[in-house]
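This report concerns only the one structure given below.
Coordinate-derived values only; no laboratory data. All values reported here derive from a predicted model rather than from experimental measurement. Using ideal geometry, Cβ is built from the backbone for each residue, glycine included, and neighbour counts are taken over all protein chains shown.
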């Protein structure tokens, strides 16, 4: 989704007053957030990703005293906002979670604006807004993007057709792992939130978990925490990190549910860690990106910066799509070996620090 196109289109139709309080449910366009703060009395910013909020904070640098950033994608039910602005996410369930919170957080007479690409079902989400609020309609459609609005005239009632629990709530799910059925805590908006993905399943199946007994393990890009949980069950001291704020919440809940003492931190790759923090193992199933820019590709950054966070003899163990090439990034490691699954879909890269 092109966020700048979204905000550009939104600016053509949104009605704001200088006395209003606004909830902005995305942080990906710092220029728009700053201009919004200059136009209204108060802005609260929410986002799914820690890195987006951190970038906004760095760019604004205190120049907007009426802007406050929150480490969650959801506005509070008692927010009392005049306006909520949200993106239509590719996950309808996650978007519904934000929409449900938005409806609760609005003042009577308040408006929620929904913007996004049409291919991301923005039209459908505007229709969903009509299940909660009044006057849901499309305001404009241009540049393959759409803006809609709905208004709060009475207390919203959660639609039973959306399922139970509401999509903004953490709930248990059973992952069928090679080690057996495991209950995790999950919710929409988190990677593979409904079932264990095939790449992680391959890592769980092929890794010798007895190797981590007594070791310090970093579960990088932890999702609901299944890799960290497996390591902790085998006697490791675990730290789990994810840029997705809901994933961090779910990982904490998963660890708590299993009586595991483990850290779960929000961070952009290694940003949440002290510069001198080291581990014996870094285990991860990084997100797949078609971009191979070593500065922006998450998997590349995980590999490139891993040596700074490994103890002597420490190992990076990573699962990836079988066709991806990471050889050049492994130059700082003494040895690296690759195991490819039978279906030629996934591979495990294990690299040892010099």
- prompt: Where does region 1-120 land on Rg(C-alpha)/(2.2 N^0.38 Å)?
  reply: 0.96
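I need to check one value: relative contact order of the chain, counting alpha carbon pairs closer than 8 Å and at least 6 residues apart, in percent. Present the calculation step by step, with values, prior to reporting the outcome.
On the way: 780 pairs, mean separation 37.1, N = 354.
Over the chain, the number comes to 10 percent.
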field: Over region 3-162, relative contact order from alpha-carbon pairs under 8 Å, at least 6 apart, %
entry: 20
task: Rank these for me by crowding, 1, 230, going from fewest to most other beta carbons within 10 Å.
output: 1, 230
statement: In Å³ per residue, the alpha-carbon convex hull of region 171-353 encloses 109
task: Work out the P(r) tail for region 87-133: percent of alpha carbon pairs separated by more than 13 Å, whole number.
output: 49
- prompt: Where does helix 245-257 land angle-wise versus the long Cα axis of the chain, in degrees 0 to 90, nearest 10?
  reply: 60
message: Taking the 0 to 90 degree range and rounding to the nearest ten, how far is the long axis of helix 30-39 tilted relative to the main principal axis of the chain, both from C-alpha atoms?
response: 30
message: I need the peptides 42-52, 135-145, 67-77 ranked by packing, meaning the mean over residues of other C-beta atoms within 10 angstrom, with the highest value on top.
response: 42-52, 67-77, 135-145
message: Taking the Cα centroid of region 60-125 and of region 252-291, what is the distance between the two, rounded to the nearest whole Å?
response: 27
statement: the chain, Kirkwood Rh and Cα Rg, ratio Rg/Rh at 1.00
message: Calculate log10 I(q)/I(0) of region 208-263 for q = 0.13, 0.18, 0.19, 0.31 Å⁻¹, where I(q) comes from the Debye formula with a single equal point scatterer on each Cα and nothing for solvent.
response: -0.25, -0.48, -0.53, -1.23
- prompt: If you take all C-alpha pairs in region 157-210, what percent of them are over 14 Å apart?
  reply: 60
query: Given the rule -39500 (n - 2.57) for each run of at least 4 DSSP H residues, summed and divided by the residues of the chain, what is its mean residue ellipticity at 222 nm, to the nearest 500 deg cm²/dmol?
result: -7500 deg cm²/dmol
message: Can you tell me the orientation of helix 92-105 relative to the chain, as the angle in degrees between its alpha-carbon axis and the longest Cα principal axis, to the nearest 10?
response: 50
